[in-house]
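Here's the structure we're looking at; comments come further down.
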Amino acid sequence: MKNLRLALLMGLASVLVFASATPAATRAIRAGKVLTPDGKMLSNAVIVIDDDRITSIGSAPPPKGAEVIDLRKLTLIPGLIDLHTHLTYYWDGKPGTKPLSQPRRPAGVTTVLAVENARKTLETGVTTVRDLGASGEVDLAMRDLINMGRMVGPRMFVAGQGISAPRPDAPKPDYKQLADQRLATAADWVKVYGSRGSYQSVDTTQTLTFEEMKSIVEAAHAKNRPVAIHSYGASGVRDAVRAGADSIEHGIDLDDETLAGMAKRGTVWVPTIDHNRYYVDAKDEFGFEADTIPPLRSYIEKNLESTRRAFKAGVKLGMGSDAVYTMFGQNTRELGWFIKAGMTPAQALATATTIPAALLGHANDLGAIARGYYADMVAVDGDPLKDINVVIDHVVWVMKGGAVVVDRRAARKR
């Protein structure tokens, strides 16, 4: 795997050609409004950026010689964070194929093709992702190429291959040993599959015991690596919380004790409500049978109800799309479900900014427009504190690390 990753970094970096996303030395943005870290709007602000960081925010005129970007008709919010993606899951829509029945591609080819998923993600205003599961270390290669400036895409925190239970007829593995194998890679997170459930299946059967989850979490935490545990059902979520997982992915029918445990421990729950909506809408692309759709719809309602209860219980919630294949470009639709769960637009925005930034260990340089933070910013047309759909549907301009990666201003004027 190490040789594969080295080959990708050396070979692909020399042959791939991407749009430039290099930050200028000094830039100044004139913004109509800016969402401040305390959740208020600052009008007629000037934001100064040196290389990839914000150096000042105020009313002083731009420094002499700085490139000035005029966004006075727009509102600036922090670059958004999607806590659950699968950027390496690519499908070109070729006739006669479906996303889940494509020919297997070499890792290098997948790395190149997945750039399209990365581009569509940036276009939604998402400048950082946590990618939770990929084979062949393609996610590690993408992360490193993006960090090197040889590929344009969101900042990536990756997990590599997830840990899951073996088939029923296979011997039980040593889960600490499996965790140690994952920890020997350069992945940022450890992903664990604690239950069944994926795509059209909403099977909530728990597949790892509490003790097995705990052994993985303890091994990861001993090496300062956080753990995300996938569980579609209530029992798996309960055990994942007790085991000390840093975040829980999916889940329904959560009981009050589990919610209280999440709130007490500071566990972040990423309910991914919208990903099942996507599977319903994309059923023909995937070729799902008609009888699989009602269970998906039922799961969505249970997922939303548990999210309502979790929000009331004080659980930290994070925006995660679980985007795969043709879902990229829809990354932020989860925010609309959070409004349905009872949040204000400001609270929903926190699920995609401050909460995930802290989970990723970057509370002091991601998730806010503030001095010393990365210059990750999104310009939207409208007031996101009044209507969250402004963020979902009206992204005009995106900057990541001081470089403009999306600019639709000219199209907006037509």
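Observations
- Hz values of 3J(HN,Hα) by residue in the range 28-45 - Karplus curve (6.51, -1.76, 1.60), Gly and Pro given as x: 10, 10, 8, 10, x, 9, 10, 6, 8, x, 8, x, 9, 9, 9, 8, 6, 9
- Just checking the listed ones, A28, A290, A358: in the Gaussian network model of the chain with Cα springs under 10 Å, the one fluctuating most is A290.
- Net lengthening on full extension, D365/S201 (0.36 nm per residue, minus Cα-Cα): 55.2 nm
- Of all lysines in the structure, those lying under 30 Å Cα to Cα from K176, and not within fewer than 8 positions of it along the same chain, are K2, K191, K214, K223, K264, K316.
- Per-residue accessible area (protein heavy atoms, 1.4 Å probe) orders K94, K64, K120 as K64, K94, K120, starting from the largest.
- Mean-position separation - Cα centroids, the range 345-373 and the range 162-187, in angstrom: 32
- As a calculated quantity, the FRET efficiency between S101 and A170 at R0 = 25 Å, using C-beta atoms, amounts to about 0.55.
- Between the beta carbons of R265 and I339, assuming R0 = 35 Å, the FRET efficiency works out to 0.85 to the nearest 0.05.
- Fully extending the segment from A222 to D383, taken as 0.36 nm per residue of separation minus the present Cα-Cα distance, adds 53.6 nm.
- With every protein chain in place, the range 121-243: carbon and sulfur % of accessible area (1.4 Å): 47
- Square roots of five times the Cα gyration tensor eigenvalues for the chain, Å: 34, 25, 21
- The chain: antiparallel DSSP beta bridges as a percent of all, rounded to 5: 50
- Solvent-accessible area of T292 with every protein chain in place, 1.4 Å probe, in Å² to the nearest 10: 30
- Projecting the Cα atoms of G65, L113, V129 onto the charge dipole of the range 55-161, computed from C-beta unit charges around the Cα centre, puts L113 farthest toward the positive end.
- Per residue, the accessible area of the chain comes to 42 Å², computed with a 1.4 Å probe over protein heavy atoms only.
- HN-Hα J in Hz across the range 155-163 - Karplus 6.51, -1.76, 1.60, θ = phi - 60°, x for Gly and Pro: 4, 10, 10, 10, 10, x, 6, x, 9
- Highest mean first, the peptides 40-51, 309-320 sorted by other C-beta atoms within 10 Å per residue fall in the order 309-320, 40-51.
- Under-5 Å amide H pairs with R371, H placed in peptide plane, nonlocal only: none
- For the chain, the dipole from Cβ point charges (+1 on Lys and Arg, -1 on Asp and Glu) about the Cα centre works out to 920 debye, to the nearest 20.
- Accessible area (Å², 1.4 Å probe, nearest 10) - R238: 90
- In whole percents, the pair-distance distribution calculated for the range 61-139 from its alpha-carbon pairs, binned every 10 Å from zero, is 15, 35, 24, 15, 9, 2.
- By the rule of a C-alpha distance below 17 Å, with chain neighbours fewer than 8 residues away ignored, the lysines paired with K302 are K312, K340.
- Karplus (6.51, -1.76, 1.60) ³J(HN,Hα), θ = phi - 60°, over the range 288-300, in Hz, Gly and Pro reported as x: 6, 5, 4, 6, 7, 6, x, x, 4, 5, 5, 4, 4
- Inter-label distance, nm, simple model (7 Å from Cα along the C-beta direction), A313/K73: 4.7
- Here the extension length gained between V109 and E211 equals 32.8 nm, from 0.36 nm per residue of separation less the Cα-Cα distance.
- With all protein chains modelled, accessible area of E67 [1.4 Å, Å²]: 80
- Rg over Rh for the range 229-382 works out to 0.98, using Cα positions for both radii and the Kirkwood form for Rh.
- The chain - mean residue ellipticity at 222 nm from DSSP helices (-39,500 (n - 2.57) per run, n ≥ 4, rounded to 500): -9000 deg cm²/dmol
- With a Cα cut-off of under 27 Å and a minimum spacing of 8 residues unless on different chains, the lysine pairs in the range 28-118 number 4.
- R265, R30, R150, ranked by accessible area, largest first (probe 1.4 Å): R265, R150, R30
The values are calculated or read from the model by the stated rules, or taken from the named source; none is laboratory data. Keep in mind the model is a prediction, meaning the values are calculated, not measured. Note: ideal-geometry Cβ built from the backbone for every residue, glycine included; neighbour counts use all protein chains shown. Calculation scope for accessible area: heavy atoms of the full protein, side chains included, ligands and nucleic acids excluded. Shrake-Rupley method; radii C 1.70, N 1.55, O 1.52, S 1.80 Å.
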